There are 2 protein chains.
Amino acid sequence: MTLTAALQPILDLQLDGASKGFPQDRPAIRLGDVGELGLRLTRGDLDFPVAVLRRSALEHNARWMAEFISRSGASLCPHGKTTMAPQLFHRQLADGAWGITLATPQQVRIAYRFGVRRILLANEAILPGALRWLQSTLDADPDFDFTCLVDSPEAVARLDSVPGRRPIQVLVELGIPGGRTGARGVQAALAVARAVKAATRLQLRGVECYEGIVGSQDPAVDRARIQAWLADLANLAQCCDAEGLFETDCVLLSAGGSAYFDLVVQALGEALAGPHRVVLRSGCYFSHDAGHYQHLLGLLEERLPARLRMEGKLRPALEIWGQVLSRPEPGLAFLGLGKRDAGHDLGLPIPTLWCRPGDPAPPRQAPDSWRITTLYDQHARLELPAGADLQVGDLVGCGISHPCTTFDKWQVLFEVDDDYRVLGAIRTFF
Amino acid sequence: MTLTAALQPILDLQLDGASKGFPQDRPAIRLGDVGELGLRLTRGDLDFPVAVLRRSALEHNARWMAEFISRSGASLCPHGKTTMAPQLFHRQLADGAWGITLATPQQVRIAYRFGVRRILLANEAILPGALRWLQSTLDADPDFDFTCLVDSPEAVARLDSVPGRRPIQVLVELGIPGGRTGARGVQAALAVARAVKAATRLQLRGVECYEGIVGSQDPAVDRARIQAWLADLANLAQCCDAEGLFETDCVLLSAGGSAYFDLVVQALGEALAGPHRVVLRSGCYFSHDAGHYQHLLGLLEERLPARLRMEGKLRPALEIWGQVLSRPEPGLAFLGLGKRDAGHDLGLPIPTLWCRPGDPAPPRQAPDSWRITTLYDQHARLELPAGADLQVGDLVGCGISHPCTTFDKWQVLFEVDDDYRVLGAIRTFF
């Protein structure tokens with residue numbers, strides 16, 4: 001099955017106004033044909049609220065990351081949990097991604113169903129039913145390259161208890177004290193690695209950590225803490241190597257969420273003398289954002305050494321547009337856009353553009369003085385100067401902070417060009 | 001079409017492990033047949049995380065509200081946006097609900113598609129495409145009883161501009177200064193009502209406010225503010241009546257979210273001498289919660305006068321269960337349950353029960369000392385005393401705060417009995 005064929009069931013889905021954002025007054029259409037409708041967001045042709053991805057920003061971000069990967073010598077296994085959009089997974093693979101990272105067996109199933117054949121489950125896998133499904137899928141498909149994490153002898157024992165033919169490849173997860181999952185310290189992680197070696201059905205493929213949980217108010221502190229953690233991870237890999245615990249042709253050294261992957265390539269690139277692959281897992285680079293990750297990527301760009309320094313910055317591709325439903329006071333507008341539509345865990349949506357349907361001019365920049373100050377379930381409170389020229393019926397486009405908690409509020413996003421013409425529809429599977 | 005027939009397409013949907021919570025190692029099955037699989041959550045038969053609704057609590061809450069409605073003489077038009085589950089809408093209608101409230105035209109479309117024929121859109125409707133769909137649906141179906149809100153002459157003009165046969169019934173929304181949508185003050189609202197009367201295609205059916213946005217730290221302040229607002233709403237209704245602005249046999253007076261509906265029935269029950277109906281819109285009574293609304297309903301119960309005082313309290317029906325993936329430190333456990341699975345805008349999930357799959361004993365109460373202190377996208381950090389008997393693989397059930405932002409994270413929830421046997425599956429449409 002080719003990658004393209006695997007997406008066919010998505011392209012063949014029927015879309016209509018039951019999908020948020022699809023125009024209520026249009027008949028149902030095949031998802032793959034949405035680009036032929038001639039819809040234009042700024043003309044009010046879609047339903048609102050609506051989520052859009054700007055193709056030019058996606059393409060720019062893909063080139064940016066491909067260049068970073070090329071210069072750094074690392075591999076990219078982007079975290080698919082961010083978008084859960086197989087159509088985007090396939091673009092990432094076509095752009096050279098080594099595989100797709102996922103967070104749960106259910107997510108693995110979605111990616112597998114739609115043709116992804118190299119999957120890193122960056123999480124512990126514990127539940128017998130899920131393990132049985134993973135094992136039976138592995139046994140039935142020699143092309144399925146699957147790896148998951150273990151951080152305790154209990155997790156090793158559980159994985160090892162599932163009958164099957166093909167061995168399960170694992171990475172030992174190294175945590176930090178007070179942190180999230182992951183064995184605490186090199187010695188504890190080494191004990192887990194030895195348990196993997198002693199197990200009958202597991203193969204140790206590498207080591208892993210997720211440095212993205214570090215986040216104080218002080219970038220220098222975060223950097224030092226992450227560098228120490230990565231040094232421990234390199235040490236763990238060396239210890240496993242010295243003890244002959246790895247059972248693989250090429251050891252995986254994996255870390256790198258969306259904010260510190262520069263530190264990862266510098267710390268792990270030379271960690272082992274033998275064949276190894278540094279696997280980064282950024283999920284957010286592709287859509288990027290206008291808040292949390294924009295801030296963190298600004299710090300990343302400042303840190304980059306000359307050989308890794310990139311031209312241009314990642315661009316926010318994901319926008320949520322809402323319509324002004326009410327202007328009840330001179331300094332207040334209410335948009336039909338709420339917690340159900342935009343992530344708000346790492347900052348509220350940021351109004352960036354606005355337009356008046358029927359006005360052929362391109363959307364205008366929203367003044368910095370416009371602020372969304374409260375999200376209700378289905379409304380946003382937009383505070384603005386009393387004289388602002390924003391009317392009932394106008395459309396406001398918002399950047400978001402934290403793509404992960406925005407994508408999951410949409411089953412369909414629309415891909416648009418820079419004039420907000422709809423080029424196609426992207427289906428998510430949360 | 002009977003109500004039951006309208007749900008048939010949902011019951012005929014195929015479910016498999018692509019739906020969060022459905023066991024990965026089970027073959028696909030018709031949604032309506034899930035109850036026949038003999039699944040039991042506490043045995044680890046489901047996938048985790050999973051969202052469940054306890055049938056006994058749903059039934060209790062339905063009886064509670066039916067009794068309140070009976071005693072108060074109001075009508076219930078529960079807000080469907082909370083669950084967006086047509087199967088639950090139909091139960092609410094079977095329990096005597098007058099109609100279903102919704103927040104957006106897309107939500108109206110979902111409810112209409114699955115057989116709901118009396119719908120209150122408790123929001124302004126502005127977008128031409130959505131208005132065209134609403135009007136064409138009204139014109140095609142004489143049984144479709146639709147009402148929406150207007151809070152400005154602009155909104156009136158937009159509604160009035162859509163060609164069609166059947167008139168559109170509207171309620172004038174009354175807001176408060178600094179509040180959300182709604183005309184500011186009785187005079188402004190009366191001007192909107194006069195614009196409705198002057199419009200060619202609209203009929204004024206009543207007046208409306210949403211008092212749930214009031215929320216200070218002081219219950220007495222909130223109560224006084226809401227009572228003043230409701231008195232204004234009654235005054236607005238009387239003014240409209242005196243001017244002959246209503247064009248309906250029975251005026252609707254609607255307010256009442258999930259926290260102050262007692263104040264609404266007391267303020268509006270006698271507001272007009274002529275035929276009128278007080279329409280409450282609580283969306284959260286049915287599932288209830290273990291946080292935000294539990295607190296607010298506690299205050300409501302204290303306020304109730306003797307004639308409305310109910311036996312028993314609403315019970316939390318909605319729980320999210322996660323599996324312990326890691327116990328990396330004596331005082332820490334990590335559950336595979338995160339921001340993607342549980343609302344966290346009005347409080348983090350509260351661990352209430354736990355069990356060990358394989359142990360035939362019923363789930364035990366989680367000690368009060370267990371606290372979820374951080375939600376990551378896909379993990380929960382559970383802090384607990386160092387000696388706590390919680391192992392990798394154990395299951396932890398959590399109450400949630402704010403059902404609206406939890407339901408929207410699930411396409412399928414499982415209905416369970418008090419022994420956590422799966423009785424059926426409930427599909428949402430967000």
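I'd like to verify a number: residues in region A:287-317 that are touching a Leu at 6+ places or on another chain (Cβ under 6 Å) and touching a residue at least 60 places away in the same chain (Cβ under 8 Å), how many?
5
Does region B:164-172 contain at least one residue that is surrounded by 23 or more Cβ atoms within 10 Å (Cβ to Cβ) and within 12 Å of chain A (Cβ to nearest Cβ)?
First, the residues of region B:164-172 that are surrounded by 23 or more Cβ atoms within 10 Å (Cβ to Cβ): B:168, B:170-172.
Those still in the list that are within 12 Å of chain A (Cβ to nearest Cβ) too: none.
There is no residue in region B:164-172 that is surrounded by 23 or more Cβ atoms within 10 Å (Cβ to Cβ) and within 12 Å of chain A (Cβ to nearest Cβ).
Among (1) assigned to a loop (DSSP other than H, G, I, E, B); (2) of a type in the set (Val, Ile, Thr); (3) over 19 Å from B:Ser282 (Cα atoms), where does B:Thr83 come up short?
For B:Thr83, the exception is condition (3).
So, in region B:313-339, exactly how many residues are more than 11 Å from chain A (Cβ to nearest Cβ) and among the charged types (D, E, K, R)?
Of the residues in region B:313-339, the ones more than 11 Å from chain A (Cβ to nearest Cβ) are B:313-321.
Restricting the remaining residues to those that are among the charged types (D, E, K, R) gives B:313, B:315, B:319.
Looking only at that region, the number is 3.
Conditions tested, residue by residue: (1) open to solvent by less than 40 Å² (accessible area, probe 1.4 Å); (2) over 17 Å from A:Ser75 (Cα atoms).
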residue	(1), (2)
A:Val278	yes, no
A:Cys284	yes, no
A:Leu297	yes, yes
A:Leu300	yes, yes
A:Arg309	no, yes
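Could you figure out which of (1) over 19 Å from A:Thr248 (Cα atoms); (2) facing chain B (nearest Cβ under 10 Å); (3) open to solvent by 10 Å² or more (accessible area, probe 1.4 Å) isn't true of A:Val108?
(3)
Looking only at region A:39-63, which residues are open to solvent by less than 10 Å² (accessible area, probe 1.4 Å) and under 22 Å from the mean Cα position of the chain (by Cα)?
A:Val50, A:Ala51, A:Val52, A:Leu53, A:Ala57, A:Leu58, A:Asn61
Considering each residue of region A:3-34, count those that are assigned to a helix (DSSP H, G or I), open to solvent by 30 Å² or more (accessible area, probe 1.4 Å) and under 30 Å from A:Ser401 (Cα atoms), and give that number. Before you say what the answer is, go through the steps one by one.
Step one: filter region A:3-34 for residues assigned to a helix (DSSP H, G or I), giving A:3-11, A:31-34.
Applying the additional criterion that residues be open to solvent by 30 Å² or more (accessible area, probe 1.4 Å) yields A:3-5, A:8-9, A:11, A:32-33.
Next, only the ones that are under 30 Å from A:Ser401 (Cα atoms) stay: A:11, A:32.
Going through region A:3-34 one residue at a time, the tally reaches 2.
Can you pull out the residues in region B:217-230 that are open to solvent by 60 Å² or more (accessible area, probe 1.4 Å) and either within 14 Å of chain A (Cβ to nearest Cβ) or assigned to a helix (DSSP H, G or I) (or both)?
Here is the first cut: in region B:217-230, the ones open to solvent by 60 Å² or more (accessible area, probe 1.4 Å) are B:217-221, B:223, B:225, B:227.
Result: B:Pro219, B:Ala220, B:Val221, B:Arg223, B:Arg225, B:Gln227.
Between a first residue in region B:411-430 that is within 14 Å of chain A (Cβ to nearest Cβ) and under 15 Å from B:Phe22 (Cβ atoms) and a second residue that is open to solvent by 30 Å² or more (accessible area, probe 1.4 Å) and basic (Lys, Arg), which pairs have beta carbons less than 6 Å apart while being 6 or more apart in sequence or on different chains?
Qualifying pairs under 6 Å: B:Val412/B:Arg427.
Filter region A:128-150 down to the residues that are in contact with a helix residue (DSSP H, G or I) (Cβ under 8 Å, 6 or more places away or on another chain) and open to solvent by 10 Å² or more (accessible area, probe 1.4 Å) and list them by number.
Across region A:128-150, the qualifying residues are A:Pro128, A:Trp133, A:Thr137.
Take the residues in region A:380-412 that are over 15 Å from the mean Cα position of the chain (by Cα) and farther than 23 Å from A:Gln365 by Cβ; name whichever of them is most open to solvent (accessible area, probe 1.4 Å). Before you say what the answer is, go through the steps one by one.
Keep residues of region A:380-412 that are over 15 Å from the mean Cα position of the chain (by Cα), which gives A:380-399, A:411-412.
Add one more test, that the residue is farther than 23 Å from A:Gln365 by Cβ, and what stays is A:411-412.
Details: A:Gln411: 54, A:Val412: 4 Å².
The selected residue is A:Gln411.
Mind counting the residues in region A:45-65 that are in contact with a strand residue (DSSP E or B) (Cβ under 7 Å, 6 or more places away or on another chain) and assigned to a helix (DSSP H, G or I)?
Of the residues in region A:45-65, 2 are in contact with a strand residue (DSSP E or B) (Cβ under 7 Å, 6 or more places away or on another chain) and assigned to a helix (DSSP H, G or I).
Do you know which residues across region A:85-105 are in contact (Cβ under 8 Å) with a residue 40 or more places away in the chain, more than 14 Å from every other protein chain (Cβ to nearest Cβ) and under 22 Å from A:Cys209 (Cα atoms)?
A:Trp98, A:Gly99
Would you check if there is a residue in region A:413-422 being touching a Pro at 6+ places or on another chain (Cβ under 9 Å), at positive phi and buried (at least 21 other Cβ atoms within 10 Å of the Cβ)? Please lay out each step first, then the result.
Here is the first cut: in region A:413-422, the ones touching a Pro at 6+ places or on another chain (Cβ under 9 Å) are A:418-420.
Adding the requirement that they be at positive phi leaves A:420.
Filter once more, keeping what is buried (at least 21 other Cβ atoms within 10 Å of the Cβ): A:420.
Within region A:413-422, one or more residues are touching a Pro at 6+ places or on another chain (Cβ under 9 Å), at positive phi and buried (at least 21 other Cβ atoms within 10 Å of the Cβ).
Taking region B:66-80 as the search range and keeping residues that are away from chain A (no Cβ under 13 Å) and not in a helix (DSSP H, G or I), which one is nearest to B:Gly257 (Cα to Cα)? Don't jump to the end; show me each part of the working.
So the first thing to find is which residues in region B:66-80 are away from chain A (no Cβ under 13 Å), and the list is B:66-78.
Keeping just the survivors that are not in a helix (DSSP H, G or I) gives B:73-78.
Numbers: B:Gly73: 17, B:Ala74: 13, B:Ser75: 13, B:Leu76: 11, B:Cys77: 10, B:Pro78: 9 Å.
Here the answer is B:Pro78.
Among A:Ala273, A:Ala290, which is open to solvent by 10 Å² or more (accessible area, probe 1.4 Å), closer than 20 Å to A:Gly215 by Cβ and in a loop (DSSP other than H, G, I, E, B)? Step through it out loud before you land on a result.
On the way: A:Ala273 fails: closer than 20 Å to A:Gly215 by Cβ.
After applying the criteria, what remains is A:Ala290.
Considering only region A:84-95, I want to know if a residue exists there that is of a type outside the set (Asp, Glu) and closer than 18 Å to B:Gln24 by Cα.
We begin by selecting, within region A:84-95, every residue of a type outside the set (Asp, Glu); these are A:84-94.
Subset that is closer than 18 Å to B:Gln24 by Cα: A:84.
Yes, that holds for at least one residue.
Within region B:340-350, how many residues turn out to be in contact with a Leu (Cβ under 6 Å, 6 or more places away or on another chain) and crowded, with 24+ Cβ neighbours inside 10 Å?
Of the residues in region B:340-350, 0 are in contact with a Leu (Cβ under 6 Å, 6 or more places away or on another chain) and crowded, with 24+ Cβ neighbours inside 10 Å.
If A:Ser258 satisfies every condition in (1) out of contact with any Pro (no Cβ under 7 Å at 6 or more places or on another chain); (2) part of a loop (DSSP other than H, G, I, E, B); (3) surrounded by fewer than 23 Cβ atoms within 10 Å (Cβ to Cβ) but one, which is the exception?
For A:Ser258, the exception is condition (3).
Select from region B:23-65 the residues that are closer than 26 Å to B:Gly283 by Cα and in contact with a helix residue (DSSP H, G or I) (Cβ under 8 Å, 6 or more places away or on another chain) and write down the one among them that is nearest to the other protein chains (Cβ to nearest Cβ).
Selected residue: B:Val50.
The values are calculated or read from the model by the stated rules, or taken from the named source; none is laboratory data. Predicted model, so just to flag it, every value in this text is computed and none were measured. In this analysis, Cβ positions are derived from the backbone assuming ideal geometry, glycine residues included, and neighbour counts consider all displayed protein chains. Protein only, heavy atoms only, side chains kept; ligands, DNA and RNA dropped before computing areas. Shrake-Rupley method; radii C 1.70, N 1.55, O 1.52, S 1.80 Å.
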